[in-house]
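Read through the structure below, which is laid out as C-alpha cells, and then see the notes.
The values are calculated or read from the model by the stated rules, or taken from the named source; none is laboratory data. If you're wondering where the values come from, they're calculated on a predicted model, not measured in any experiment. We place every Cβ from the backbone using ideal geometry, glycine too, and count neighbours over all the protein chains shown.
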C-alpha cells in the first residue's frame, strides 16, 4: 500500500462516516414533515419485512402532514399499523386508501431530548473519524517499518491525515449545529 492509498482510503472512510451521520440526522424528527422520516419503518409484506417506500408512495402534503398511499388496498391497514407501532410516536389517520400522518408539535422537553440524541450521533461520528486517523497512522508506521517510506514522508503524511481529520471533525460540528438549529426552531 502506498502513501497516497493510505490517505485516499482514510478520506473515503471519513466521508462515509459523514454520510452515515447525515442519514442518522434525517431520522431525528424536527417539527416539520419530510418524507424521509418514515424511511426506516418496515412493513410486513406477504411475510417479508420491507421498507415502507417499497409498498407505498410517501409524500409531504404540507409542513405538518405526510401522506402515505399504499399501492395495494389490503396494505392500508398493515402500513397504518407499522407507522403507529414505530418509535416515532405518530398517530396516522386513514381515509379510504390514503393514510395521513400529522406531525404533532414538539414540546420543549422533547426538543431538548432530540438535541441530546443529535449530539450523541455527532460524537459517535467524531470517534469514528478519529479511529480512522489512528488506523491510517498505524499503516504509515507499518510502511516506515518496512522501509517503504522515509521518516520525513511518514511525518508529512501524519500531518496531512491530521488536517483531514480536523476537516471532517469540523464538518461534523457544522452538521450538528444545523441539526440543533432545526430541532429547536418552533
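Conditions tested, residue by residue: (1) in the same structural domain as residue 175 (by TED's automatic domain parsing); (2) touching a strand residue (DSSP E or B) at 6+ places or on another chain (Cβ under 8 Å); (3) modelled with pLDDT under 85.
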position	(1), (2), (3)
17	yes, no, no
22	yes, no, no
40	no, yes, yes
52	no, yes, no
| request: Can you confirm whether the range 128-148 contains a residue that is assigned to a loop (DSSP other than H, G, I, E, B) and surrounded by 13 or more Cβ atoms within 10 Å (Cβ to Cβ)? | output: yes
| Do you know which residues across the range 84-105 are touching a helix residue (DSSP H, G or I) at 6+ places or on another chain (Cβ under 9 Å) and farther than 19 Å from residue 41 by Cβ? | 96
| field | Only listed residue being over 21 Å from the mean Cα position of the chain (by Cα) and surrounded by fewer than 19 Cβ atoms within 10 Å (Cβ to Cβ), chosen from 62, 87 | value | 62
